[in-house]
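Remarks on the structure that follows.
The values are calculated or read from the model by the stated rules, or taken from the named source; none is laboratory data. Just so it is clear, the structure is predicted and the values come from calculations on it, not from any experiment. Here the Cβ is made from the backbone with ideal geometry for all residues, glycine too, and neighbour counts use every protein chain on show. These area figures cover heavy atoms from the full protein model, side chains too; ligands, DNA and RNA do not enter into them. Shrake-Rupley method; radii C 1.70, N 1.55, O 1.52, S 1.80 Å.
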Amino acid sequence: MNKLVWKLLRQHISGRQLGGFFLANLAGMLIVTLSIQFYKDILPMFTQGDSFLKNEYVIATKRISTLGTLTGRNNTFTEKEIKDLKEQAFTRNVGAFTPSLFHVSAGVGMQDKGLRMSTDMFFESVPDEYVDVSLNKWHFNEENGVIPIIIPRNYLNLYNFGFAQSRNLPKLSEGLMSVINMDVKLSGNGKVQIFKGNIVGFSNRLNTILVPQAFLTWANSTFAPGKEAKPSRLIIEVKNPADPSIADYFTSHGYETEGNALDSGKTTHFLRIITGIVLGVGLFISLLSFYILMLSIYLLLQKNAVKLQNLLLIGYSPRQISIPYCTLAVTLNAAICFVSILGVWWIRGIYCDLLQGLYPQLEIHFMWPTLLTSIILFLTVSACNVTAIRKKVKGTLSHAQ
């Protein structure tokens, strides 16, 4: 019987209107799913390991002037200054660099290659949430005597492309650096102790030789008891790096930033805004396409008002009459969902190759965001279509009576 009803009601269906709905909704769903999938794919570049687009961080120092140097002015931050910085509207959080207050020397070598170097050095630490390297090995165990160390990636580059190249020494990869033996000697307060050092990562954000906060707190209390480790650098997580009040505050207080942190942060903020705009455009197009479909079905119901009344008089219920229209809407939505998934899969294959060229550590996972988003949109739009169609059929029949 439903086939007979469908044959009767489909006479006024406009292929152009349905085609317009299909293309508009496909464009909207494709933009929405692609935006979410792309954001999910590049999220590790914001949040994992040596991500160069992680949350907006600024490293602040006090400006060093000639007069301050001659007068011995202290360039460390006081508790009052740190508290005032935390209370600023542009600040999310503030962390302090803790310096080592004892003497550190280290020797590294690869016996099989005949390479051995030693030097005086220093340690610093920051709270773990500011470390841009995996924290899996970022803990100190006094029993095994191994100190995990993070060094700036540009230190390795300076060695490979400067020192090693000029002396015809072997170049070192990041993987090789993690297996190099490092003997670290700590001395102070009449004590000397030797540890093993293990390089567990390379930082793009923190330009210092980094050790865990817990280790440095213990070492300072052991080798420099009674001394206070005052921070000369702060790492600040800001809400919006494009906020002009940041530069105004830094200028008025005589603070400086390392590198181009504010410029990089502005780029990150701009990229996130663009992603949000694209997602909003996709949702807007989807809403317009939904309106096109409902308008097409409403016009179809209006043209078939007399036929619908006759079907009602011969015993058909409003639910039975609405089934062909609901089937049409759900079928179109299912086709759009399937085609959009294929479209994202094809486009994703192109941009993933580009992303892995820029960020080799990036791992490409299955398209769960696309599938989940497509299914949710399909179910939501179909439910809205079915509900609206049934209400319109009942309204049309009531009006016809």
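Scanning for something in a helix (DSSP H, G or I) and within 11 Å of Gln37 (Cα to Cα), does segment 353-365 turn up at least one residue? No; the residues of segment 353-365 include none that is in a helix (DSSP H, G or I) and within 11 Å of Gln37 (Cα to Cα).
Applying the criterion of at least 2 residues that are at pLDDT 85 or above and β-branched (Val, Ile, Thr) to the strands (runs of 3 or more DSSP E) found wholly in segment 172-270 leaves 191-203, 233-238. Counting only residues that are assigned to a strand (DSSP E or B) and either without any contact (Cβ under 8 Å) to a residue 40 or more places away in the chain or within 29 Å of Glu56 (Cα to Cα) (or both), segment 131-147 holds 2 of them.
Could you go through segment 330-347 and let me know if any residue there is of a type in the set (Ser, Thr, Tyr), free of Cβ contacts under 8 Å to residues at least 40 places away in the same chain and assigned to a helix (DSSP H, G or I). Checked segment 330-347: at least one residue is of a type in the set (Ser, Thr, Tyr), free of Cβ contacts under 8 Å to residues at least 40 places away in the same chain and assigned to a helix (DSSP H, G or I). For segment 182-200, enumerate the residues that are touching a residue at least 60 places away in the same chain (Cβ under 8 Å) and touching a Lys or Arg at 6+ places or on another chain (Cβ under 8 Å). Met182, Asp183, Val184, Asn198, Val200 - these are the residues of segment 182-200 that are touching a residue at least 60 places away in the same chain (Cβ under 8 Å) and touching a Lys or Arg at 6+ places or on another chain (Cβ under 8 Å). Hey, does segment 230-247 have a residue that's open to solvent by 50 Å² or more (accessible area, probe 1.4 Å) and farther than 28 Å from Glu79 by Cα? Checked against the condition, which is being open to solvent by 50 Å² or more (accessible area, probe 1.4 Å) and farther than 28 Å from Glu79 by Cα, segment 230-247 yields no hits at all.
Is it the case that some residue within segment 307-326 is without any contact (Cβ under 8 Å) to a residue 24 or more places away in the chain, open to solvent by 30 Å² or more (accessible area, probe 1.4 Å) and under 17 Å from Leu18 (Cβ atoms)? The answer is no; no qualifying residue exists. Screening Asp128 against (1) more than 30 Å from the chain's Cα centre (by Cα); (2) in contact (Cβ under 8 Å) with a residue 12 or more places away in the chain leaves a single unmet condition, (1).
Checking each residue of segment 93-114 against the condition of being among the acidic types (Asp, Glu), at pLDDT below 85 and under 25 Å from Gln193 (Cβ atoms) gives no match.
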